[in-house]
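The values are calculated or read from the model by the stated rules, or taken from the named source; none is laboratory data. What you see is a predicted model; the values in this text were computed from it and never measured. Note: ideal-geometry Cβ built from the backbone for every residue, glycine included; neighbour counts use all protein chains shown. Ligands, DNA and RNA are excluded from the accessible area calculation, which covers all protein heavy atoms including side chains. Shrake-Rupley method; radii C 1.70, N 1.55, O 1.52, S 1.80 Å.
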Amino acid sequence: MRLRYRAVVIAGLAALGAVTASGADTIQEFLARHWRQPLAPQGPPPARFSPLETSLEPEACGACHPAQLADWRTSLHSRSMGPGVAGQLVEMLESDPGSALSCFTCHAPLAEQAPRVSDGTRARANPVYDAALGGRGLVCAGCHVRARQRFGPPRRDGSLTATAPLETLPHNGVTRTPAFLRSEFCEGCHQFTPDGFALNGKLLENTYREWKASRFARKGVQCQDCHMPDRRHLWRGIHDPDMVRSGLTIVARASAARYRSGDTISVTLTVESTRVGHAFPTYVTPRVVLSAELVDQAGDVIAGSREERVIARQVTLDLEREIVDTRLAPGKKAVLQYRRRVDRAGVRARLSVVVYPDEFYTRFFESLLAQGAGRGETQIREALAATRRSPFTVFTQELPLT
């Protein structure tokens with residue numbers, strides 16, 4: 001059970017800590033109130049609300065906000081309660097309901113999304129549970145609706161006030177606040193609290209603090225600036241090749257234009273984190289592999305010529321121990337220095353950078369299935385298949401050598 005419970009923790013499912021409010025800081029006050037846990041049920045809708053305004057389903061929001069709905073559907077937020085998490089929760093809700101319910105805090109945060117609620121050391125049926133919402137992940141209302149009231153960012157011109165009386169607007173208008181444009185809005189689900197789960201003295205989820213210590217925070221670059229460009233609801237990250245490429249500068253070069261057979265070649269592959277505002281990668285599940293190998297005139301890899309360097313925070317499957325942490329802080333580099341004697345003509349060096357976004361999950365789901373996934377087996381198998389499809393190449397280049 002530890003293996004299964006820890007895997008849910010690793011998915012970023014720690015209890016959400018409220019942001020500390022300051023009496024002089026209205027943004028912090030708003031965030032503390034907006035993310036106070038557990039989120040309260042929405043309660044009965046105003047009498048004037050239509051069925052569309054009453055609904056908490058994303059498609060209801062999409063009726064007037066189709067672009068945002070279309071973006072959200074492509075995002076990991078829409079799949080935050082996907083088969084990998086849901087498959088583990090099937091039995092956890094019975095065997096360890098407290099831990100299971102803490103998962104919903106970030107992965108499906110609305111009070112209406114959890115099938116049960118905590119009742120001391122036990123759990124009871126949730127009277128406001130909406131089965132249609134339960135598996136939808138981080139829905140629009142998870143960020144934008146509290147007590148049936150809508151909240152959102154300032155208009156693009158920075159204004160906050162409504163253009164008409166609220167009671168005349170759809171769903172009584174929207175309360176606007178710049179908090180939606182601040183990294184602190186994301187902190188609760190992307191930063192463990194100081195007493196949260198840690199390995200080797202480092203929190204398992206530390207993205208906000210990594211950003212806070214970076215030059216990006218000092219320059220005022222917020223999470224939303226990169227992950228929600230032009231306010232789009234995309235939240236691209238380590239699973240997106242273009243997003244990864246945009247954050248890195250990758251250079252491959254040989255120390256000489258040409259070598260002769262019998263020479264020792266020297267080739268360098270450098271990956272620099274130039275536009276990533278936190279550790280690359282920020283979490284323990286991805287693995288980034290730099291590789292160099294020799295290929296002959298026919299394009300075949302010369303046996304035994306491959307060398308690798310890994311960028312990752314590698315931990316054991318049971319999350320008991322950190323093996324090594326080679327991640328890149330903003331502005332830092334990883335260098336693969338490749339030296340090898342060549343004994344034939346027509347040799348080329350093939351240099352690659354491959355990202356395995358779900359490398360930990362692949363191994364974990366394989367282990368879970370081997371030990372028995374119970375009634376969640378079908379979902380775990382589906383999740384495993386998805387992790388095996390997720391790797392991609394962000395860089396490859398061949399350098400003529402001889």
- Note on the structure: In nanometres, the difference between 0.36 nm per residue of separation and the alpha-carbon distance of Arg375 and Ala298 is 22.7 nm
- Which of Val288, Val355, Val90 fluctuates most in a GNM of the chain (C-alpha springs under 10 Å)? That residue is Val90
- Determine which residues of the stretch 324-361 fall in the zone a paramagnetic label at Ala256 would reach in this model, i.e. backbone nitrogen under 11 Å from the point 7 Å along Cα→Cβ. 342
- Message: Cβ neighbours within 10 Å, averaged per peptide: list 164-175, 27-38 in order, most packed at the top.
- Response: 27-38, 164-175
- Message: Using the Karplus curve 6.51 cos²θ - 1.76 cosθ + 1.60 with θ = phi - 60°, what ³J(HN,Hα) values do you get for each residue of the stretch 66-76, in whole Hz, with x for Gly and Pro?
- Response: x, 5, 5, 5, 4, 5, 4, 4, 8, 8, 5
- Of 145-151, 56-62, 197-203, ordering from highest average Cβ density within 10 Å down gives 56-62, 145-151, 197-203
- Taking the chain as the reference, fit the longest principal axis to its C-alpha atoms, fit the long axis of helix 377-389 to the helix C-alpha atoms, and give the angle between the two in degrees, 0 to 90, nearest 10. 50
- Message: So for each of 262-274, 298-310 I average, over its residues, the number of other beta carbons within 10 Å; can you give me the resulting order with the highest mean first?
- Response: 262-274, 298-310
- Taking the Cα atoms only, what angle lies between the long axis of helix 97-107 and the longest principal axis of the chain, rounded to 10 degrees? 80
- Message: From the helices alone, meaning DSSP H stretches of at least four residues, give me the mean residue ellipticity at 222 nm for the chain, per-run term -39500 (n - 2.57), in deg cm²/dmol to the nearest 500.
- Response: -8000 deg cm²/dmol
- Message: How would the stretch 133-172 be classified by its alpha-carbon gyration tensor: rounded, prolate or oblate, with rounded meaning a/c under 1.5 and the a/b versus b/c comparison settling the rest?
- Response: oblate
- Rounded if a/c under 1.5, otherwise prolate or oblate - the stretch 321-366, Cα gyration tensor axes: prolate
- Task: Would you kindly derive the ³J(HN,Hα) couplings of the stretch 45-55 from the backbone phi angles with the Karplus curve 6.51 cos²θ - 1.76 cosθ + 1.60 (θ = phi - 60°), listing them in order in whole Hz, with x for Gly and Pro?
- Result: x, x, 4, 7, 5, 7, x, 5, 6, 6, 5
- Using the Karplus equation 6.51 cos²θ - 1.76 cosθ + 1.60 (θ = phi - 60°), what ³J(HN,Hα) coupling, rounded to whole Hz, does each residue of the stretch 302-317 give in order, writing x for Gly and Pro? 6, 3, x, 8, 7, 10, 9, 9, 10, 10, 5, 9, 8, 10, 6, 4
- Message: Is the C-alpha gyration tensor of the stretch 172-260 telling us rounded, prolate or oblate? Criteria: a/c under 1.5 is rounded; beyond that, a/b larger than b/c is prolate, otherwise oblate.
- Response: oblate
- Task: For the chain, give the percent of accessible area contributed by carbon and sulfur heavy atoms, probe 1.4 Å, rounded to a whole number.
- Result: 53
- Between Ser118 and Glu398, what is the FRET efficiency for a Förster distance of 60 Å, r being their Cβ-Cβ separation, to the nearest 0.05? 0.55
- Message: Once R0 is set to 22 Å, what does the formula 1/(1 + (r/R0)^6) return for the Cβ-Cβ distance between Lys219 and Asp157, expressed as a FRET efficiency to the nearest 0.05?
- Response: 0.45
- Message: What do you get for the angle between helix 83-95 and the principal long axis of the chain? Use alpha-carbon atoms, 0 to 90 degrees, nearest ten.
- Response: 60
- Message: Under a crude label model (7 Å from the Cα following the beta-carbon direction), how far is Val128 from Ala164 in nanometres?
- Response: 2.9
- For the chain, convex hull of alpha carbons as volume per residue, Å³: 169
- Query: Nearest-5 percent of antiparallel DSSP beta bridges in the chain?
  - Reply: 95
- Using a Förster distance of 41 Å, the FRET efficiency for Ile323-Asp263 (Cβ separation, nearest 0.05): 0.65
- Rounded to one decimal in nm, the spacing of the 7 Å Cα→Cβ label points at Glu29 and Arg363 is 4.9
